[in-house]
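Report on one structure; see the data block that follows.
Rule-based calculations on the coordinates, nothing more; no lab input. Here the structure is a predicted model, which means the values were calculated and not measured. As a convention, Cβ positions derive from the backbone with ideal geometry for all residues, glycine included, and neighbour counts pool all protein chains shown.
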Amino acid sequence: MQQYFVPEARFNGNHVLLSGEDAKHITRVMRMNVSDPIICANDKGEAFLCKIEKFEGSNVVATVQSRLQSDPELPVKVVIVQGMPKGEKFDTIVRKGTECGAAAFIPFYAERSVAVWQKDRIEKKCLRLKKIAKEAAEQSHRLFIPEIMEPVNLDQLLSIGETFTFKAVAYEETAKKGQVSALPSLLKQMKMGDSLLAVIGPEGGLTPKEAACFEENGFQLCGLGPRIMRTETAPLYMLSAVSYQFELLNGEVEY
């Protein structure tokens, strides 16, 4: 069933007004008709089963049938800090990371980052990523759209880290040494409601200097198994490990 995120102001009693791209998608792409079911979420943690009531010009009016009780969100808040990758890799990271349950994405200017967002293009790039996050959140029936933050440098990132319960850094040198117990140990310490700031390096990885700086500021250096992953694969691995620990292993997933 197709889901749409609708601003809370568009909910009026038991009616929901869908407009813009959402209305176009319903009429032109999905070619829905009156009485067809859809899910409307308000990005506040609530989702409702609705039925299309009528088409008003370019808008769609739906009637709320019931509130959905399922909660597909990860039991812990995971924010992905992504070393700025090249090309359109960030699109993939946001799209797939949203499907895997990330709460937010922070672009990070690492020492080995090749890509740099020009200041006059940051807003446009963030808007693009927010659109991708919204579409992915709808596709995966999330209750929240992940936040897309503006790029940060190392000092800004260390400051952000002070507000998190746990902080992890995917560091390939740790993996090369065969030290693979740090991440499982960290996850076992976490409990529902905790927050995790997960740092992923760019294509060239993090420098030893950056790794040491993170470690000095309370970040745990973690290997992600014996294989070296691409920068766009590592955040998905991290999110999958969290999902396994808190949803699959503990039987929290409801079908």
For L158, what is the net charge nearby, where nearby means another residue's Cβ is under 13 Å from its Cβ and Lys, Arg count +1, Asp, Glu -1? -4
As an exercise, identify the trypsin sites (Lys or Arg not before Pro) in the stretch 1-79 lying in DSSP coil whose Cβ has no more than 14 other Cβ atoms within 10 Å. R31, K44
Starting from the Cα of H141, step 7 Å along the direction of its Cβ; do the same at K44; then give the gap between the two resulting points in nm. 2.3 nm
Considering only the other residues whose Cβ falls under 14 Å of the Cβ of I80, what net charge follows from Lys and Arg at +1 and Asp and Glu at -1? +1
Could you let me know the centre-to-centre spacing of the stretch 49-64 and the stretch 5-37, using Cα atoms, in angstrom? 5 Å
Assuming R0 = 45 Å, what is the FRET efficiency of H15 and K191, from their Cβ-Cβ distance, to the nearest 0.05? 0.65
E147: net charge of surrounding residues, Cβ under 12 Å, Lys/Arg +1, Asp/Glu -1, itself excluded? +1
Using a 10 angstrom cutoff on alpha carbons, build the Gaussian network for the chain and name the most mobile of S243, S19, S113. S19
Please label the shape of the stretch 74-165 as rounded, prolate or oblate, based on the square roots a ≥ b ≥ c of the eigenvalues of the alpha-carbon gyration tensor (a/c under 1.5 means rounded; beyond that, a/b larger than b/c means prolate, else oblate). oblate
With runs of 4+ DSSP H residues as the only contributors, calculate the mean residue ellipticity of the chain at 222 nm using -39,500 (n - 2.57) per run, divided by the residue total and rounded to the nearest 500. -8500 deg cm²/dmol
In nm, spacing of pseudo-spin labels at R230 and Q2 (7 Å Cα→C-beta vector): 3.1 nm
Hey, with R₀ at 41 Å, roughly what FRET efficiency would N217 and T63 work out to, going by the Cβ-Cβ distance, to 0.05? 0.20
Could you tell me which of the pairs K89/K191; K86/K191; K130/K188; K51/K134 are separated by over 29 angstrom between their Cα atoms in the structure shown? K89/K191; K86/K191; K130/K188
Residue span Y244 to K209: 0.36 nm per residue of separation minus Cα-Cα distance leaves a gain in nm of 9.4 nm
GNM on the chain, C-alpha springs below 10 Å: top fluctuator among E172, E73, E215? E215
Over the stretch 1-119, what is the relative contact order in percent, taking alpha-carbon pairs closer than 8 angstrom and at least six residues apart? 20 percent
Taking a ≥ b ≥ c as the square roots of the eigenvalues of the Cα gyration tensor of the chain, is the shape rounded (a/c under 1.5), prolate (a/b larger than b/c) or oblate? prolate
Identify which of G13, G204, G218 has the largest mean-square fluctuation in a Gaussian network model of the chain, with springs joining Cα atoms closer than 10 Å. G13
Quick check on the chain: of the DSSP beta bridges with both residues there, what percent are antiparallel, nearest 5%? 45 percent
